[in-house]
Amino acid sequence: MEDWRDLLVVLMFWFPPLLILILFLQVFYLYVWNEPIPAGPRVRDDDAPRRTLIVLGSGGHTAEMFAALAAFPPREYHPRTYVLGDTDVTSAAKVDAHEASVGDALAAEEGVTDDDLARWTDHSTRVVPRAREVSQSFVTSAFTTLRALWVALRVVRQEWPELILCNGPGTCLPVCVAAWALNVGHFTLGGRRDQRIAVAYVESIARAKTMSLTGKILYHSRIADRVFVQWEGLRARYPRATYAGRVM
Amino acid sequence: MGRAPAPRRRAAAPPSASPSTREGDDDDDAETRTTTRTSKTKTVFVTVGTTSFDALVAALDTARVGEILTRKGFKRVVMQTGKGSHGAPRTLAKTRGLRVRAFAFAPSIDDEIRGADLVVSHAGAGSVFETLRAKKPLLVVVNDALMGNHQQELAETLHEMGHLRWCAPEGVGDAIAAFDETSSKPYQPGDPAEVQRAIRSMLLRR
């Protein structure tokens, strides 16, 4: 029941502006922004690479994301776009270190051509402003949230990934909402089913008994196609969530 | 492409539950090299994380904690004190037979964890799992100024599984005194492959 109280507060403040924004964006999407989707039409088979957008939280969230990414073979999940918050000063270096080690590991394998290597290590970094700083007032945060959403929308529209991977904190919300709005816009236009952007949210390993607010929003709103929790006890409270073990 | 995920950093951890007697790699240990290996400088490492946790630093910075530590055979304290205003522990440093080294932040605390015989940590998932992966005895101190803070649930859960002990800052002295370094069950690190498989099948099913 606590969930609903939390969510109600969020909805009261954010639902009306969000709804207006999404309607506006759909119109915008229909008439102005109708450029082709970067990946082009995809025919999904197991060998096709998956364009992946990875949202890095900062600090412990970033560390956890890289622990999870170790299981995502770079030759299957590429090109990769890393999305960083603009106040996150440490994650950019971690992206470079991770991608460098991915490149080294692939280069050490036999039969990997330079061409393969270039494709499999193809990655970029995008920066998104934070929706709300700690201790910012609700009034001014309405504007910063809209700005964050706008930037997130441009990033997701330009990259048009097949998969968005995120694990909190709230900085990933604008990106997820943007993906949802674009999906809605795309399919009201008769877009192809396999061009849908899938959102996977991995709840923090620190959440053993309660879901984070970000997790609750993505779970209850169904913006995330999959919510992973890392503890079975938490899974029991959220039946649509997936328990697939811990990432570290 | 049913390729297995790239193998990574799993190899170097022997399944040993006993507190490690591995030498720390800093030169402080030079003076003990002449004696036997069991009498190496027994070290406790304290970390408060990226913010501040003055309550923990203050609770440790007492003559009583110094006495408890020396009674348990600790000869060295390494402390990461963060942004707090308490700074380096001065009272603790006066304890006879106990060397205290303090620093605010370090780019990585991996080496400190590996060189310790007991880690006293804040409840952040980062240092908790780093310590468990290094198979070191771990005492988590939950910041009760952040009551209702979700960090407590991680400490509680891992305690129920037998991987660590936890306490409030005021109780840290007693908790160290009562700490049995041989009782912790080693933590088996998780495997993200399952998450990846679930995501892959989700993408294929569309």
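The values are calculated or read from the model by the stated rules, or taken from the named source; none is laboratory data. Computed from a predicted model, the values in this text were never measured in an experiment. As a convention, Cβ positions derive from the backbone with ideal geometry for all residues, glycine included, and neighbour counts pool all protein chains shown.
Return yes when A:A198 is surrounded by 19 or more Cβ atoms within 10 Å (Cβ to Cβ), under 21 Å from A:D3 (Cβ atoms) and of a type outside the set (D, E, K, R) and no when it is not. Considered against the rule, which asks whether it is surrounded by 19 or more Cβ atoms within 10 Å (Cβ to Cβ), under 21 Å from A:D3 (Cβ atoms) and of a type outside the set (D, E, K, R), A:A198 comes out as no. In region B:60-72, which residues are part of a loop (DSSP other than H, G, I, E, B) and surrounded by fewer than 21 Cβ atoms within 10 Å (Cβ to Cβ)? Those that are part of a loop (DSSP other than H, G, I, E, B) and surrounded by fewer than 21 Cβ atoms within 10 Å (Cβ to Cβ): B:T62, B:K72. Using the structure shown, decide if A:A206 is over 18 Å from the mean Cα position of the chain (by Cα), surrounded by 24 or more Cβ atoms within 10 Å (Cβ to Cβ), within 12 Å of chain B (Cβ to nearest Cβ) and under 28 Å from A:V247 (Cβ atoms). Yes.
How many residues, within region B:152-206, are closer than 24 Å to A:R226 by Cα and under 15 Å from the mean Cα position of the chain (by Cα)? Here the count works out to 1.
Taking region B:95-113 as the region of interest, how many residues are surrounded by fewer than 20 Cβ atoms within 10 Å (Cβ to Cβ) and either among the charged types (D, E, K, R) or within 14 Å of chain A (Cβ to nearest Cβ) (or both)? Qualifying residue count for the region: 9. The set of residues in region B:158-197 being more than 9 Å from every other protein chain (Cβ to nearest Cβ) and assigned to a helix (DSSP H, G or I) consists of B:H159, B:E160, B:P169, B:E170, B:G171, B:V172, B:G173, B:D174, B:A175, B:I176, B:A177, B:A178. Has region B:140-152 got any residue that is more than 14 Å from every other protein chain (Cβ to nearest Cβ) and charged (D, E, K, R)? There is at least one residue in region B:140-152 that is more than 14 Å from every other protein chain (Cβ to nearest Cβ) and charged (D, E, K, R). Among the residues of region A:175-190, are any surrounded by fewer than 23 Cβ atoms within 10 Å (Cβ to Cβ), farther than 25 Å from B:Q151 by Cα and among the small types (G, A, S)? Within region A:175-190, one or more residues are surrounded by fewer than 23 Cβ atoms within 10 Å (Cβ to Cβ), farther than 25 Å from B:Q151 by Cα and among the small types (G, A, S). The residues of region A:48-63 that are within 21 Å of B:Q151 (Cβ to Cβ) and at the interface with chain B (Cβ under 7 Å from one of its Cβ atoms), listed by number, are A:G59, A:G60, A:A63.
The single condition among (1) within 12 Å of chain B (Cβ to nearest Cβ); (2) in contact with a Gly (Cβ under 8 Å, 6 or more places away or on another chain); (3) of a type in the set (V, I, T); (4) surrounded by 18 or more Cβ atoms within 10 Å (Cβ to Cβ) that A:T90 does not meet is (4). Among the residues of region A:160-175, are any under 17 Å from A:T62 (Cα atoms), hydroxyl-bearing (S, T, Y) and either out of contact with any Asp or Glu (no Cβ under 8 Å at 6 or more places or on another chain) or touching a residue at least 24 places away in the same chain (Cβ under 8 Å) (or both)? Checking region A:160-175: at least one residue is under 17 Å from A:T62 (Cα atoms), hydroxyl-bearing (S, T, Y) and either out of contact with any Asp or Glu (no Cβ under 8 Å at 6 or more places or on another chain) or touching a residue at least 24 places away in the same chain (Cβ under 8 Å) (or both).
Just wondering, is there one or more residues in region A:186-200 that are more than 18 Å from the chain's Cα centre (by Cα), within 14 Å of chain B (Cβ to nearest Cβ) and over 25 Å from A:R50 (Cα atoms)? No - not one qualifying residue is present in region A:186-200.
When B:D54 is tested against (1) more than 14 Å from every other protein chain (Cβ to nearest Cβ); (2) crowded, with 21+ Cβ neighbours inside 10 Å; (3) modelled with pLDDT under 95; (4) under 30 Å from A:T62 (Cβ atoms), exactly one condition is not met: (2). Summed over region A:228-248, the residues that are in a strand (DSSP E or B) and either among the aliphatic types (A, V, I, L, M) or over 14 Å from the mean Cα position of the chain (by Cα) (or both) give a count of 3. If you scan region A:198-227, which residues turn out to be part of a loop (DSSP other than H, G, I, E, B), closer than 23 Å to A:W14 by Cα, in contact (Cβ under 8 Å) with a residue 40 or more places away in the chain and of a type outside the set (S, T, N, Q)? If the condition is that a residue be part of a loop (DSSP other than H, G, I, E, B), closer than 23 Å to A:W14 by Cα, in contact (Cβ under 8 Å) with a residue 40 or more places away in the chain and of a type outside the set (S, T, N, Q), then A:M211, A:I223, A:A224 are the ones that fit. Report yes if A:R132 is in contact with a Phe, Trp or Tyr (Cβ under 7 Å, 6 or more places away or on another chain) and modelled with pLDDT under 95, otherwise no. Here the answer is no, as A:R132 does not meet what is asked. Taken over region A:176-190, the criterion of being free of Cβ contacts under 8 Å to residues at least 60 places away in the same chain and in a loop (DSSP other than H, G, I, E, B) is satisfied by A:G190 alone.
Name the single residue, out of those in region A:225-248 being modelled with pLDDT under 95 and aliphatic (A, V, I, L, M), that is surrounded by the most Cβ atoms within 10 Å (Cβ to Cβ). Restricting to residues being modelled with pLDDT under 95 and aliphatic (A, V, I, L, M), the top hit is A:V247.
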